[in-house]
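What follows is a short report on a single structure.
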Amino acid sequence: MTDLKLALKTLIVTACDKSLDCDPVSISDDEILFGSDTRLALDSLDALQLSMALQKRFGVRLTDSKETRRILANVANLAAWLTAQGKTV
């Protein structure tokens, strides 16, 4: 799962245009990604961009807004959800 988590961190940084601000390796697995008081300060537009990148890369769709918030809260949740969907790097 370590490879998946690193791939997700890289995808987040790339999809949300944070490559100048953040090295993917510096993101912890449990770090909260969204909110103005977080290090990455991702917002709803970033969530849309990340959802589109996940669909393109892994062929998955996030449709339920409450579930999407939980899944995208941090890398650990996202990796666990993708693994449950049978997706790997």
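In summary, the lysines within cross-link reach of residue 56, defined as a Cα separation below 18 angstrom excluding same-chain residues under 8 places away, comprise 5, 9, 87. For the chain, no complete DSSP H run has alpha carbons reaching 27 Å or more along its own long axis together with a mean Kyte-Doolittle score of 0.5 or higher. Over all other residues within a Cβ to Cβ distance under 12 Å of residue 6, the charged ones net out to -1, with Lys and Arg as +1 and Asp and Glu as -1. Residues considered: 20, 54, 78. Largest GNM mean-square fluctuation over the chain, using C-alpha springs under 10 Å, is found at 20. Under the convention that each Lys and Arg Cβ holds +1 and each Asp and Glu Cβ holds -1, the size of the dipole of the stretch 2-84 around its Cα centre is about 320 debye.
Each other residue within a Cβ distance under 13 Å of residue 30 adds +1 if Lys or Arg and -1 if Asp or Glu, for a net charge of +1. Run a plain Debye calculation on the chain (Cα atoms as equal point scatterers, no solvent) and give log10 I(q)/I(0) at q = 0.18 Å⁻¹, rounded to two decimals, same order as the q list. Each listed q maps to, in turn, -0.71.
Taking Cβ atoms as reference points and 13 Å as the exclusive limit, the residues near residue 60 contribute a net charge of +2, counting Lys and Arg as +1 and Asp and Glu as -1.
Computed per residue of the chain from DSSP H runs no shorter than four, each worth -39500 (n - 2.57), the mean residue ellipticity at 222 nm is -16000 deg cm²/dmol.
Just so you know, all these numbers are worked out from the coordinates, no wet-lab data involved. Nothing here was measured: the structure is a model prediction, and the numbers come from that model. As a convention, Cβ positions derive from the backbone with ideal geometry for all residues, glycine included, and neighbour counts pool all protein chains shown.
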